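The values are calculated or read from the model by the stated rules, or taken from the named source; none is laboratory data. As the structure is a prediction and not an experimental result, all values here were calculated from the model. Please note: Cβ atoms are built from the backbone with ideal geometry, for glycine as well, and neighbour counts cover all protein chains shown.
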Amino acid sequence: MFQVKSVEEAVSVLLPQSPEKLRQLMKLSYYKPAKNVPSCFLNDFIDVMCTVNHQERKELIETLYNKRKFADLPKITQPTLIVWGEYDQIFPLELARRLKRHLGENAQLAVIKDAGHAINMEKPKELYKHLKSFLLESRPHIKPDSNGNSDKLD
């Protein structure tokens, strides 16, 4: 994760409670953060995204911060797509590479160029392209039977 001195600092950064703190998070989350966003918009975002379920989100951050070991993650046997921003400062790209190695052959890593942590906001078309390709590749192939019915899997 990004460099912080304590879990309390991580919570303070990731669950901002002021426009200034949200601007700090935006600098970490975006490769090219928006500038001059009015405080009224930032306050609305904080009310919706950082206040609702605050305790649960705080506990999630504490768990991620204190127990960040890949050895504790189960091996996933299903095809898995890992999508990561090239310049993610929250979870650096090296973590994606380690996760890919941990998951093995069934995992595929897609690195989105010129994107930070907020891939869905910065590069939605590229994200969609990778998701669509992965989902179409991963679906079972259906073969028509001798009557032309398409209900048998390869």
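A single entry from K143, K152, K129, K100 fulfils the requirement of being modelled with pLDDT of 85 or more, touching a strand residue (DSSP E or B) at 6+ places or on another chain (Cβ under 8 Å) and of a type in the set (D, E, K, R): K100. Of the helices (runs of 4 or more DSSP H) lying entirely inside region 39-104, those carrying at least 2 residues that are aromatic (F, W, Y) are 39-45. A residue that is surrounded by 14 or more Cβ atoms within 10 Å (Cβ to Cβ) and over 29 Å from K113 (Cβ atoms) cannot be found anywhere in region 24-41.
Regarding region 98-108, can at least one residue be identified that is in contact with a Ser or Thr (Cβ under 6 Å, 6 or more places away or on another chain) and buried (at least 17 other Cβ atoms within 10 Å of the Cβ)? Yes: region 98-108 contains one or more residues that are in contact with a Ser or Thr (Cβ under 6 Å, 6 or more places away or on another chain) and buried (at least 17 other Cβ atoms within 10 Å of the Cβ). Would it be correct to say that L131 is surrounded by 14 or more Cβ atoms within 10 Å (Cβ to Cβ) and not in a loop (DSSP other than H, G, I, E, B)? The answer is no for L131.
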